[in-house]
Every structure is written in C-alpha cells, then in structure tokens.
Amino acid sequence: MKEVRLNNGVMMPAIGFGVYQIAPSDTERCVLDALEAGYRMIDTAAAYGNEREVGAAIRASGLKREEVFITSKLWVQDYEYDDALRAFDRSAKLLGFDTVDLYLLHKPYGNYYAAWRALERIYKEGRIRAIGVTSFSNERLQDLFLHNEVKPALNQLETHPFFQQRAAEKFLHEEGIVHEAWAPFAEGQNNLFSNPVLADIAAAHGKTIAQVVLRWLNQRNVVVIPKSVRAERMRENIDIFDFTLTSDEMAAIAALDTGKSPIYDDMDLATVRAIGTLRIHD
C-alpha cells in the first residue's frame, strides 16, 4: 500500500514524514532531507511551532506544491468557531500556501463541535482538501459525524505493537475513515528497539526493527508518519516496500499488544487538564 484514498476521493501517501518535536532551527533541513529521500507527505501542527519551516523547505525543494501532501492540525486553544477560522489562516500564512491537504482537530477536548464546523466551512471554501481528527475514541468520533455534515476522512491515533487499536481499526474500516498512526515506534517505550520478537523478524528479512514495525502497520492498511532527524534513518524508514511479513510474523507482532498506551492515557484527568489548557500563543 503506497497510497490511500480518503472518503472524499482525495489520494494521500501511505507513508509520510512527521516533524513532532523537531526544533524549528532543524526543521527545514530535516524536511529537505525527507523530501530528497522520497517522502511526499509532511505532517506538522500549529502546536509543533515549525509550520513556517515546513513551508520554506517545500519551496526550497524545487518540488511543485501539488507534489507534496501537507497535513497540519488545529490546537485545542482555538476550538471556538471564530478562533478556529483565524487559526487556520495563521497556519496557512506560516506555511506560505493557500491550501492545506489535510487539516485535523489535534485533540478530543474542548469545544470540538464548534471547531469542526469551522473546518467544514473552510473545507467547503476549498482551502482544505480533507478534514479529520486526532486521538478521537470511537464513541466521540461517531457522535461527531452523526451530528455534523462532513464525515472525518481520517483519525490519527497512537498505534504501535504495544497498543494496536484493534477496536478502532475495525470501526474506522466499517465507517470508511482512514486510520493513521502517530508514535508508530511507541516513542521507544517498552524497549521496542530491542524487542526479541521484532528483532527476530527483522533479522529474517535483513531489515531493521523500525522497518518491520512500519511494514506491519502498512500491511494493516494503517498510514504511518515516522520521524527522524537523521537522513540515513529517513531513508531506512521509507524503504519498506521490498518485503512482506508472513501471516505467522503478523500474528507474532499481534501478540505483543497490551491494549493500553505506554505513553499516556487520553482519559487520565491530569492529562486532560494539562493538554486541554495548554496555550500555544497569546
């Protein structure tokens, strides 16, 4: 799977480059390296503070705007209707482009109904090609699309061998919503990069553990957005289409699922408060 079709017909790459926690001073170089390695989707967000540098790198690459799929995200602070409209304008200005390919609600907190209706308006105006959400539970996602006009095209969820999101995968497939993985390497938690099951599979294919994880997600039809600041790692992470995991290998990875996040719990009260009240601008 090298491309996926969103529920409105828009095509997007099945693997992209994420810029979460890449400092603005490093972002332009990293995005240029990623584009040179063959990535054609860049995932950023207002909260990452590096949209300007993402846009600068795309322009400096020599690629045409339509050759690069850009995802950005609206932060919780801007979930009131008018605030969301202004926030999109701010992101578009920082990126330096009139349109964004995919624009997501960044978290399932605050007045996300008002924010979604603002996204629907911008989408209908043609300034966003597709809209979606991040970290929405099945229940919140269903409630959102039952009471609004535009169905989300994608849900970006923490998904990796230790938290495989099987119930979400089933629901999203049934509803025609694309499943995209954030933190595909579990941010290194649970010693992912030395896991013996993953290491044995990697050795069998002459690949790295990272490549095995990304291929496993790809074979599940999950879009991935790995991040690295090292050009050689970027090249490795996109080089996943020349091998196939067997059914036994897929089953062995499936057995690693713990059913919970090793990073954080979206429903933990302290987490909800910390994320829901975080301000990224004045």
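Simple spin-label model, 7 Å along Cα-to-Cβ: residue 137 to residue 21 in nm?
Between residue 137 and residue 21, the simple spin-label model gives 2.6 nm.
Explain nothing, just compute: Karplus ³J(HN,Hα) = 6.51 cos²θ - 1.76 cosθ + 1.60, θ = phi - 60°, for every residue of the range 149-160 in order, whole Hz, x for Gly and Pro.
7, 9, 6, x, 7, 7, 10, 8, 10, 4, 8, 6
Applying 1/(1 + (r/R0)^6) with R0 = 22 Å to the Cβ-Cβ distance of residue 175 and residue 264, what FRET efficiency is obtained, to the nearest 0.05?
On the way: r = 26 Å, r/R0 = 1.16.
Approximately 0.30, to the nearest 0.05.
Suppose R0 equals 51 Å; then what is the FRET efficiency for residue 113 and residue 230 from their Cβ-Cβ distance, rounded to the nearest 0.05?
Details: r = 41 Å, r/R0 = 0.80.
Plugging the Cβ-Cβ distance into 1/(1 + (r/R0)^6) gives 0.80.
If every alpha-carbon in the chain counts as one equal scatterer, what log10 I(q)/I(0) does Debye give at q = 0.08, 0.11, 0.14 1/Å?
Rounded to two decimals, the profile gives -0.31, -0.61, -1.01.
If you restrict to DSSP beta bridges whose two residues both lie in the chain, what percentage is antiparallel, to the nearest 5? Please list the in-between numbers first.
Details: 4 of 28 bridges.
Roughly 15 percent of the DSSP beta bridges within the chain come out antiparallel.
Taking the Kirkwood radius as the inverse of the mean 1/r across Cα pairs, report the Rg/Rh of the range 101-246. Don't skip to the answer; put the middle values down first.
Details: Rg = 17.1 Å, Rh = 16.6 Å.
Answer for the range 101-246: 1.03.
Would you please name the trypsin sites (Lys or Arg not before Pro) within the range 1-72 that are DSSP coil residues with at most 15 other C-beta atoms within 10 Å of their C-beta? Intermediate values should be presented prior to the final figure.
Values: sites: 2, 5, 29, 40, 52, 59, 64, 65; in loops: 2, 40, 64.
When the trypsin sites (Lys or Arg not before Pro) of the range 1-72 are filtered for loop state and at most 15 Cβ neighbours within 10 Å, 2, 64 remain.
Gain in length, residue 125 to residue 190, computed as 0.36 nm per residue apart minus the alpha-carbon separation, to one decimal in nm? Could you put the intermediate results ahead of the total?
Working: separation 65, 0.36 × 65 = 23.40 nm, distance 4.46 nm.
Result for the pair: 18.9 nm of gain on full extension.
Set the Förster distance to 41 Å, then compute FRET efficiency between residue 147 and residue 197 from the Cβ-Cβ distance, nearest 0.05. Let's see the in-between values first.
Numbers: r = 42 Å, r/R0 = 1.03.
The value I calculate is 0.45.
If I take every Cα pair under 8 Å that is 6 or more residues apart in the chain, average their sequence separation and divide by the length, what percent do I get for the relative contact order?
On the way: 490 pairs, mean separation 53.8, N = 282.
19 percent.
Just so you know, all these numbers are worked out from the coordinates, no wet-lab data involved. Model, not experiment: these values are computed from the prediction. Positions of Cβ are generated from backbone atoms using ideal geometry, with glycine treated the same way; all protein chains shown enter the neighbour counts.
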